[in-house]
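Remarks on the structure that follows.
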Amino acid sequence: MGKNRVPTQPDFIKWLLLLGAAALVALMGAYVVWSYVLPHSVYVDRYRYPVAGIDVSRHNGDIDFGQVRDDNYQFVFIKASEGKTYKDDAFAKNYKRAHEAGLKVGAYHFFRKNRTGEEQAANFLSVIKGKTLDLPLVIDLEDDWGNGATTDRKTAVNRVMEMINILTDKGYSVMIYTNLDGYNKYYKDLLGDHDLWLCSFTSPDLQPTMPHRIQQFSHEGSVKGVKGKVDLNVFRGSKRDWSRYLDQVQHP
């Protein structure tokens with residue numbers, strides 16, 4: 001038998017390139033499945049769930065909120081901030097226009113797990129300062145490839161709780177936004193004292209025991225006044241329930 005061949009540096013580089021190419025193909029495959037195979041929308045009966053809304057950020061461009069209102073939507077959540085320093089530069093404009101259109105307005109912050117709750121609360125509060133909001137402050141808590149993959153669950157939850165405590169001490173009601181994975185990983189056992197806004201592409205009728213107040217049921221909505229696709233949401237209750245809920249929301 002011949003002697004084992006020792007890999008040369010070019011061989012090593014070749015294998016690294018092959019591994020990188022394989023990883024890229026896998027990621028592209030996962031994206032295709034996510035984009036074209038998995039559902040991103042579900043039909044919701046608006047007679048059963050008459051109170052509906054959208055959530056937006058700078059990526060939705062210029063929005064005519066008067067048309068949104070006239071298209072039978074009652075509320076909007078607007079992105080305010082993200083992490084320690086990012087501020088959505090469309091927040092002030094979106095807030096002003098939505099408020100003038102008579103929509104019930106809320107604000108949300110995308111939570112970065114590698115930043116402290118104190119840092120993120122300060123960023124969020126700096127953006128919404130002086131604004132009259134109708135809905136709870138929302139902490140958008142979800143896992144993605146770039147969001148603190150090295151931050152363990154306990155640390156992430158502790159940071160979320162730190163942020164929640166600061167916001168509630170300021171007099172705000174707080175709501176958690178997440179998907180079903182985030183519900184099981186973060187919310188169910190640890191954050192259940194706060195309202196839940198759940199992203200789920202199944203009918204609200206199929207989740208009667210879930211505790212969420214609001215359900216995001218589509219990433220592919222078409223709404224007058226918004227160019228392109230927009231996220232759609234419904235309040236899980238009647239118009240009377242909605243009115244009562246708004247009365248319970250606390251703001252300083």
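Here, each number is a calculation from the coordinates, and none is a lab measurement. Just so you know, these numbers come straight off a predicted model, no measurement behind them. Because the Cβ atoms are built from the backbone with ideal geometry, glycine has one as well, and the counts that use them run over all protein chains shown.
Which distance in Å, rounded to a whole number, links the C-alpha centroids of the range 229-249 and the range 108-182?
Here the answer is 21 Å between Cα centres.
When we measure straight from the Cα of Lys129, which aspartates and glutamates land under 17 angstrom away, once same-chain ones fewer than 8 places off are left out?
List returned: Glu82, Asp88, Asp89, Glu118, Glu119, Asp169.
Relative contact order for the range 46-248: what is it in percent, counting Cα pairs under 8 Å that are at least 6 residues apart?
Numbers: 383 pairs, mean separation 48.9, N = 203.
Result for the range 46-248 is 24 percent.
Hey, rough spin-label estimate for Lys93 and Asp241, points 7 angstrom out along Cα→Cβ, what's it come to in nanometres?
Each label point lies 7 Å from its Cα, and together they span 3.6 nm.
Going from the alpha-carbon gyration tensor of the range 35-172, what semi-axes, largest first and in whole Å, does one get by taking the root of 5 times each eigenvalue? Mind showing how you got there, number by number?
On the way: eigenvalues 145, 78, 39 Å².
Gyration-tensor ellipsoid for the range 35-172: 27, 20, 14 Å.
Please compute the length gained on full extension between Lys188 and Ser203, using 0.36 nm multiplied by the number of residues separating them and subtracting their Cα-Cα distance.
Working: separation 15, 0.36 × 15 = 5.40 nm, distance 1.99 nm.
Gain in length upon complete extension: 3.4 nm.
How high is the FRET efficiency from Gln250 to Thr132, r the C-beta distance, R0 22 Å, rounded to 0.05?
Numbers: r = 13 Å, r/R0 = 0.60.
Taking R0 as 22 Å, the efficiency between Gln250 and Thr132 is 0.95.
Any idea what the dipole of the range 46-248 comes to, in debye rounded to 20, about its Cα centre with Lys/Arg Cβ at +1 and Asp/Glu Cβ at -1? Can you show the working numbers first?
On the way: 30 positive and 28 negative charges, 66 e Å.
Using only the charged Cβ atoms, the result is roughly 320 debye.
With the cut-off at 29 Å, tell me which of the pairs Lys96/Lys170; Lys96/Lys239; Lys79/Lys227; Lys113/Lys239 have Cα atoms farther apart than that. Numbers along the way, then the final one.
Numbers: Lys96/Lys170 23 Å; Lys96/Lys239 24 Å; Lys79/Lys227 17 Å; Lys113/Lys239 36 Å.
Violating the 29 Å Cα-Cα cut-off are Lys113/Lys239.
Say each of Thr155 and Glu118 gets a label point 7 Å from the Cα, pointing the same way as Cα to Cβ; how far apart are those two points in nm?
1.7
At 10 °C and a viscosity of 1.306 mPa s, what translational diffusion coefficient does Stokes-Einstein give for the range 47-123, taking Rh as the Kirkwood radius over Cα pairs? Give it in µm²/s as a whole number.
Numbers: Rh = 13.3 Å.
For the chosen part, D equals 120 µm²/s.
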